[in-house]
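Chemist: Submitted below is the structure of interest, expressed as structure tokens.
The values are calculated or read from the model by the stated rules, or taken from the named source; none is laboratory data. Being a predicted model, the structure only gives us computed values, none of them experimental. No Cβ is skipped: glycine too gets one built from the backbone with ideal geometry, and neighbour counts run over all protein chains shown.
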Amino acid sequence: MFPGSPFDPELMKLFQALAGALISYTPEEDTSAFCVIEQAPGQGRGRLRYRIGCKDRPNEGTTKPSPELHESAYQLYRLWSGDGEPFPGAEITVEQESGGQWKTNVRRLDGTPDAPSDPEGDERLWQEVYDARSAWFVEHLGPLPGDIQKILSLSVVWPGGGMYTFTAPSLGGRGVCATFGLTNADLPTPVRNEDIQETKDKQGRPASTSFRTVSRVPRWAPPEWAGYGYEVLVITPAPETWPLQTLAWLAQMELLRDVDLLDRVRDADGVTLESVRIGDGSRTADFLIQPANGILPARAALPNGEMNVLIATRITRDEMTFSQKHGRGELLRRLLASGVGQVSNLDRPSVLA
């Protein structure tokens with residue numbers, strides 16, 4: 001018997017888990033459901049896409065799985081591609097019988113996967129994405145520096161990512177601090193940190209971090225997104241380094257806690273952050289996060305999908321309060337109308353004054 005064969009007990013358990021997750025995800029009024037699981041085209045190995053619905057209404061389904069369905073599907077992917085084989089895809093169907101029991105069927109699709117078939121293919125895609133993102137930064141902002149700022153706690157979770165701080169000639173010499181790698185082809189991350197221990201210096205600043213890294217099921221992200229679907233920038237009147245701690249915190253929240261910042265921005269017409277540490281950690285600031293509006297293109301196409309450009313703008317506390325009453329979109333309109341726009345200045349007065 002070999003892993004993934006029809007008689008493999010592990011495979012039988014996965015089929016049962018898939019069927020159970022699909023039944024739980026099916027609306028009560030439906031007596032049947034299907035779920036097609038495939039490798040997402042143009043993505044790295046293990047990035048899955050879904051078609052989920054009812055056979056009576058095949059055009060009214062969804063492409064977003066429940067967490068339980070994605071968990072089981074990814075475990076099936078691991079089993080069927082454990083030896084480096086391409087994932088063939090699967091279709092699960094369930095149908096409720098007259099006695100209330102559910103009839104289940106699972107079949108391999110054995111399609112031709114549109115994905116790298118070996119580690120070298122993964123590396124090529126990763127590099128293509130890196131080069132395309134670099135070209136976008138150079139075109140719209142300016143030359144990138146030779147060194148990238150790494151985040152110690154993400155050294156294993158995000159080995160190919162970090163942050164840049166540099167001068168942007170295309171923005172009139174303004175400063176830019178930016179994440180660089182949240183759109184990588186190997187994301188969302190399939191590992192996580194546990195048992196994190198942090199020591200601090202006499203001023204209460206982080207001095208060292210220890211942790212262990214374990215495997216996990218990467219969270220689901222729409223297959224049309226490049227990685228997590230975005231990079232986030234802070235633009236300052238002149239080059240500054242104080243935003244780096246804010247960006248490091250945002251990256252950790254995404255990679256370690258799956259906050260799904262992009263969907264939050266879209267669902268709530270922006271996101272506000274209160275009292276986030278900046279600089280050496282002795283100060284805090286409030287921020288408004290919105291898609292780039294005029295100062296830069298709001299999105300770009302990378303080889304592995306769409307990169308959204310989010311900008312975190314430092315705001316005053318009364319602007320924060322205003323956004324809670326009148327909406328984050330209205331605050332952005334006030335910032336744009338005042339000439340402040342999406343540029344972060346720690347010393348500026350409120351646009352509401």
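Chemist: Being in contact with a Ser or Thr (Cβ under 9 Å, 6 or more places away or on another chain) and free of Cβ contacts under 8 Å to residues at least 60 places away in the same chain is the filter here; which residues of region 175-199 pass it?
Modeler: First, the residues of region 175-199 that are in contact with a Ser or Thr (Cβ under 9 Å, 6 or more places away or on another chain): 175-178, 180, 190-199.
Listed by number, the residues that qualify are Phe180, Val191, Glu194, Asp195, Ile196, Gln197, Glu198, Thr199.
Chemist: Kindly list the number of the only condition in (1) assigned by TED's automatic domain parsing to the domain that holds Leu247; (2) within 18 Å of Gly227 (Cα to Cα) that fails for Asp147.
Modeler: Condition not satisfied by Asp147: (2).
Chemist: Those residues that are assigned to a loop (DSSP other than H, G, I, E, B), over 17 Å from Asp110 (Cα atoms) and either modelled with pLDDT of 95 or more or among the hydroxyl-bearing types (Ser, Thr, Tyr) (or both), I need them from region 1-46; list them, please. Give the derivation first.
Modeler: Let us first name the residues in region 1-46 that are assigned to a loop (DSSP other than H, G, I, E, B), namely 1-8, 26-31, 40-46.
After this cut, where a residue has to be over 17 Å from Asp110 (Cα atoms) as well, the list is 1-2, 7-8, 26-31, 42-44.
Thr26, Thr31, listed by residue number.
Chemist: Taking region 11-61, which residues are under 19 Å from Ala221 (Cα atoms) and small (Gly, Ala, Ser)?
Modeler: Ala21, Ala40, Gly42, Gly44, Gly46, Gly53, Gly61
Chemist: So is Pro239 in contact (Cβ under 8 Å) with a residue 60 or more places away in the chain, in the same structural domain as Ala292 (by TED's automatic domain parsing) and buried (at least 16 other Cβ atoms within 10 Å of the Cβ) or not?
Modeler: Spelling it out, it is not the case that Pro239 is in contact (Cβ under 8 Å) with a residue 60 or more places away in the chain, in the same structural domain as Ala292 (by TED's automatic domain parsing) and buried (at least 16 other Cβ atoms within 10 Å of the Cβ).
Chemist: Now for a separate question. Which numbered condition in (1) within 22 Å of Phe15 (Cα to Cα); (2) outside any loop (DSSP other than H, G, I, E, B); (3) without any contact (Cβ under 8 Å) to a residue 24 or more places away in the chain; (4) not aliphatic (A, V, I, L, M) is the only one that Gln75 fails?
Modeler: (3)
Chemist: Name, by its number, the condition in (1) surrounded by 13 or more Cβ atoms within 10 Å (Cβ to Cβ); (2) at pLDDT below 90; (3) more than 30 Å from Ile23 (Cβ to Cβ) that does not hold for Phe166.
Modeler: (2)
Chemist: Same structure, new question: Please state which one of Val176, Val157 is surrounded by 17 or more Cβ atoms within 10 Å (Cβ to Cβ) and either at pLDDT below 95 or in contact with a Cys (Cβ under 6 Å, 6 or more places away or on another chain) (or both). First the steps, then the outcome.
Modeler: Details: Val176 fails: either at pLDDT below 95 or in contact with a Cys (Cβ under 6 Å, 6 or more places away or on another chain) (or both).
Only one candidate passes the filter, namely Val157.
Chemist: All but one of (1) out of contact with any Ser or Thr (no Cβ under 9 Å at 6 or more places or on another chain); (2) under 24 Å from His326 (Cα atoms); (3) aliphatic (A, V, I, L, M) hold for Ala301; state the number of the condition that does not hold.
Modeler: (2)
Chemist: Any chance you could count how many residues in region 148-205 are among the polar types (S, T, N, Q) and not in a strand (DSSP E or B)?
Modeler: Within region 148-205, the subset among the polar types (S, T, N, Q) is 149, 153, 155, 165, 167, 170, 179, 183-184, 189, 193, 197, 199, 203.
Subset that is not in a strand (DSSP E or B): 153, 155, 170, 183-184, 189, 203.
Here the count works out to 7.
Chemist: Go through region 268-300 and give me each residue that's assigned to a strand (DSSP E or B), closer than 19 Å to Trp225 by Cα and free of Cβ contacts under 8 Å to residues at least 40 places away in the same chain.
Modeler: Pro291, Arg299
Chemist: Is it fair to say Leu141 is surrounded by 12 or more Cβ atoms within 10 Å (Cβ to Cβ), under 25 Å from Thr179 (Cβ atoms) and either of a type in the set (A, V, I, L, M) or not assigned by TED's automatic domain parsing to the domain that holds Phe180 (or both)?
Modeler: Working: surrounded by 12 or more Cβ atoms within 10 Å (Cβ to Cβ): yes; under 25 Å from Thr179 (Cβ atoms): yes; either of a type in the set (A, V, I, L, M) or not assigned by TED's automatic domain parsing to the domain that holds Phe180 (or both): yes.
Yes; evaluated as a whole, the condition is true for this residue.
Chemist: Could you tell me whether region 239-254 includes any residue that is part of a strand (DSSP E or B) and either touching a Phe, Trp or Tyr at 6+ places or on another chain (Cβ under 7 Å) or of a type in the set (Ser, Thr, Tyr) (or both)?
Modeler: At the first step, the residues of region 239-254 found to be part of a strand (DSSP E or B) are none.
No, that holds for no residue.
Chemist: Evaluate the following for Arg314: is it among the basic types (Lys, Arg) and in a strand (DSSP E or B)?
Modeler: On the way: among the basic types (Lys, Arg): yes; in a strand (DSSP E or B): yes.
Yes: the conditions hold for Arg314.
Chemist: Would you please name the residue that is surrounded by the fewest Cβ atoms within 10 Å (Cβ to Cβ), looking only at residues in region 301-330 that are within 14 Å of Tyr230 (Cα to Cα) and of a type in the set (A, V, I, L, M, F, W, C)?
Modeler: Ala301
Chemist: While we're on this one: Quick one: which residue in Arg283, Arg333, Arg348, Arg277 is surrounded by 14 or more Cβ atoms within 10 Å (Cβ to Cβ) and either closer than 19 Å to Ser170 by Cβ or in the same structural domain as Pro239 (by TED's automatic domain parsing) (or both)? Working first, answer last.
Modeler: Working: Arg283 fails: surrounded by 14 or more Cβ atoms within 10 Å (Cβ to Cβ); Arg333 fails: surrounded by 14 or more Cβ atoms within 10 Å (Cβ to Cβ); Arg348 fails: either closer than 19 Å to Ser170 by Cβ or in the same structural domain as Pro239 (by TED's automatic domain parsing) (or both).
Just a single option satisfies the conditions, and that option is Arg277.
Chemist: If I filter region 338-346 for residues that are touching a residue at least 40 places away in the same chain (Cβ under 8 Å) and not in a loop (DSSP other than H, G, I, E, B), do I get at least one hit?
Modeler: Residues of region 338-346 touching a residue at least 40 places away in the same chain (Cβ under 8 Å): 341-346.
Now restrict to residues that are not in a loop (DSSP other than H, G, I, E, B): 343.
Checked against the condition, which is being touching a residue at least 40 places away in the same chain (Cβ under 8 Å) and not in a loop (DSSP other than H, G, I, E, B), region 338-346 yields at least one hit.
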